[in-house]
Structures are given as C-alpha cells and as structure tokens.
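The values are calculated or read from the model by the stated rules, or taken from the named source; none is laboratory data. Because the structure is a prediction, the values reported are computed rather than measured. A quick note on method: Cβ atoms are made from the backbone with ideal geometry, for glycine too, and the neighbour counts reach across all protein chains shown.
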Amino acid sequence: MAELIFYTNPMSRGRIVRWMLEEVGQPYHTEIVDFGAPMKSPPYSDINPMGKVPALRHGETVVTETPAICAYLADAFPEAGLAPAPQSAERGRYYRWMFFGAGPLEAAITNRACGFQASEQQGRLLGYGSFVTVMDALEKAVSASDYLVGDTFSAADVYVGSQIAWGLRHGTMEKRPAFERYWDRLKDRPAAIRATRIDDDLLAETKKA
C-alpha cells in the first residue's frame, strides 16, 4: 500500500485534514512544516508551490487544498464510507455542500474576518452574494437532516463542520442555534477527538520549543 504523508502545522487548516485522516483510519506519517521560510522554500515548495499547508502525498500523488484532500481521501479509501457512491443520487448533494464549503462559505467567512463588507452592487460580482445569504443557506442545509448528505456522515461534514466549529469558537460566523446543534452532532466523534488531541499536543510542543 502506498504511504500517506501528511504535511501540516497544528495552527492551520491542516487540523481539518487530520480529522479526515483519523476518520479514514489508515496509517499516515506527519511532517510538521513551520511557517515562514520552511513553508516557502524547497523542499516543501516543491510539494506545494503556494507555500501553504496542508498537503498530502499518497505514493506518487500529491494533493493540496483542504477540501480536495478530504474528497481525495474519501474516494481513495471507500471502505471508510465517507462519500456516497459515484452513481448514487446522494453524490450530487455531497458535491454541492463540499463545494459550497470551499467556495461561498470560505470566501464569505474570510472576507468578513478581514473586514471586507461588499456593497449591494459588489455583491452581484461575488460568487457568494452576501454573508447573510451564505449563513441562511448553510442554516437550511444543516437543519434539513442530521448530516449534509441525509442520515450518513461524510467528508462534507468533516470539511463544513470544521468551518462551523472554527466560526463558532472564534466569532467569525453567527452563533445560530442550528449551527450549534449541528456541531454538537459531530464534535464527539472518536476521530474528531483523536485529531484534536494530536494537534493540541503538537501545538503545546511547538510553544515549548
């Protein structure tokens, strides 16, 4: 079996991929990449020319971008049951919310955190329209069923759920009851707990160094 090598930093979106790896349940090796020069220079820049983490190497395959890594792992290890079958009706719903998280949700939250407030006219040019529109759509999605793809937990829940958890914890999104109920359904998953513990321990070690 090809080796999984996970490039990350405990203070990055790599925490999302860590959770996904723990859900997959396959052995993997972690390479911690420090911010600054180590992340921007070879050999890591040969893995990800963007100079950012996370990244994943699976044999000869390199995948970057958090949602892409989550989707890749779900398909590479179908026995984990983290994505609907490609020909199933649920696959469309899975794609919808995975890409919603990568597009409108990520952009809306990041822009708001950076203090960017689009005018109504500018909103017509933005893929997400407005922050409120995104929050309303997300609230409807997490209220429709236990998980984003019906009654089955998937990689979409890892990715979008992580964004909701971060937003609730750090105030980058509204604390709507529907978001809190959704996160309550996810936070006690054994893989999520393991992943958090691993990265928190790594963060503590980093602060000691």
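Descriptive notes on the structure:
- Taking the criterion of being of a type in the set (S, T, N, Q) and out of contact with any Gly (no Cβ under 8 Å at 6 or more places or on another chain), the residues of segment 105-130 that qualify are Thr110, Asn111, Gln117, Ser119, Gln121, Gln122.
- Test: residue in segment 110-117 that is among the hydrophobic types (A, V, I, L, M, F, W, C) and either in contact (Cβ under 8 Å) with a residue 60 or more places away in the chain or over 28 Å from Ser130 (Cα atoms) (or both): no
Conditions tested, residue by residue: (1) of a type in the set (Phe, Trp, Tyr); (2) touching a helix residue (DSSP H, G or I) at 6+ places or on another chain (Cβ under 6 Å); (3) outside any helix (DSSP H, G or I); (4) at pLDDT below 95.
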| residue | (1), (2), (3), (4) |
| --- | --- |
| Tyr128 | yes, yes, yes, yes |
| Leu138 | no, no, no, no |
| Ser143 | no, yes, no, no |
| Ala165 | no, yes, no, no |
| Glu174 | no, yes, yes, yes |
| Glu180 | no, no, no, no |
| Arg194 | no, yes, no, no |
| Asp199 | no, yes, no, no |
| Glu205 | no, no, no, yes |
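- Qualifying residue in segment 89-109 (condition: more than 23 Å from Ala165 (Cβ to Cβ) and more than 22 Å from the chain's Cα centre (by Cα)): yes
- Look at (1) touching a residue at least 24 places away in the same chain (Cβ under 8 Å); (2) within 15 Å of the chain's Cα centre (by Cα) and you find that Val142 fails only one, number (2).
- Qualifying residue in segment 49-64 (condition: polar (S, T, N, Q), in a loop (DSSP other than H, G, I, E, B) and in the same structural domain as Arg18 (by TED's automatic domain parsing)): no
- Yes/no for Ala178 being closer than 13 Å to Leu105 by Cβ and touching a residue at least 24 places away in the same chain (Cβ under 8 Å): no
- Ala107 assigned by TED's automatic domain parsing to the domain that holds Glu139, surrounded by 14 or more Cβ atoms within 10 Å (Cβ to Cβ) and over 20 Å from Val149 (Cα atoms): yes
- The residue pairs whose first member lies in segment 14-28 and is in contact (Cβ under 8 Å) with a residue 12 or more places away in the chain, whose second member is part of a helix (DSSP H, G or I) and among the acidic types (Asp, Glu), and whose beta carbons are closer than 8 Å, counting only pairs six or more residues apart or on different chains, are Gly14/Asp199; Arg15/Asp199; Arg18/Asp199.
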